[in-house]
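No value in this document is a laboratory result; all are computed from the given coordinates. This is a predicted model, so every value here is computed, not measured. Quick reminder, even Gly has a Cβ in these numbers, built from the backbone with ideal geometry, and neighbours come from all protein chains shown.
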Amino acid sequence: MTRILVVGDTHVRQWDDAHPALREAIRGADIAIHCGDWVTMAAVEGFRAEARQAVVVHGNSDYVEVRKALPYREMIEVDGVRIGVTHPAWGGPEPDPPALLPDFPAELFGRLDVVAYGHIHVPMDEVRDGMQYVNGGQGYPSFRVPGTIAWIETKPGGLFTVSIETFAALL
């Protein structure tokens, strides 16, 4: 079994400012995915240093240096499970998650099993038309909103489960 952490929208300038429970979860993950909106490269480097294996993309709130250094989308395959990672830059009302699929054209990425994404600050684990959409929520607690993360646990043969976890009590 491989434990994959999915988090995004941490919005910290220095990684030391990230919530201690989030940092502990990252250290406990086999793979840590960050779905964008870090703000600075210092935060990215701190995340990478703490993770055993890191998969990262940039978000719409990231400084230009971060957007230039990190991709908009990534894809990994673990135990036969294919996971696309992105941080859409939607403006206005949030579209349905299937609007993310054009970011992963089959001719470049093949078949996906999961799309992990950031941006909406709301945890999500939903299946639509056979595609699993996972959003870890927001990687920090804020006024009356806990910090949240998602876990994808994979097993050989393309089997996986998803769970959402609150890592900080309500403020």
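The table for this structure:
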read-out	value
From the C-alpha gyration tensor of segment 2-166, square roots of 5λ in Å	22, 18, 16
Segment 59-85-segment 3-51 distance, computed between alpha-carbon centres (Å)	13 Å
Environment charge of Arg111, counting only residues whose C-beta is closer than 12 Å and scoring Lys/Arg +1, Asp/Glu -1	-2
Local electrostatic count, Val39, Cβ distance below 12 Å [Lys/Arg +1, Asp/Glu -1]	-3
Angstrom value of the Kirkwood radius, inverse mean 1/r, which spans all Cα pairs in segment 5-53	10.4 Å
FRET efficiency for Tyr72 and Val145, using Cβ-Cβ distance with R0 set to 30 Å, rounded to 0.05	0.70
Anisotropy class of segment 50-133 from Cα gyration tensor, a/c 1.5 cut	oblate
For Trp90, Trp15, order by how many other beta-carbon atoms lie within 10 Å, fewest first	Trp90, Trp15
MRE, 222 nm, helices only [DSSP H, n ≥ 4, -39500 (n - 2.57), over the chain, to nearest 500]	-4500 deg cm²/dmol
Among beta bridges that DSSP assigns inside the chain, antiparallel share in %, nearest 5	65 percent
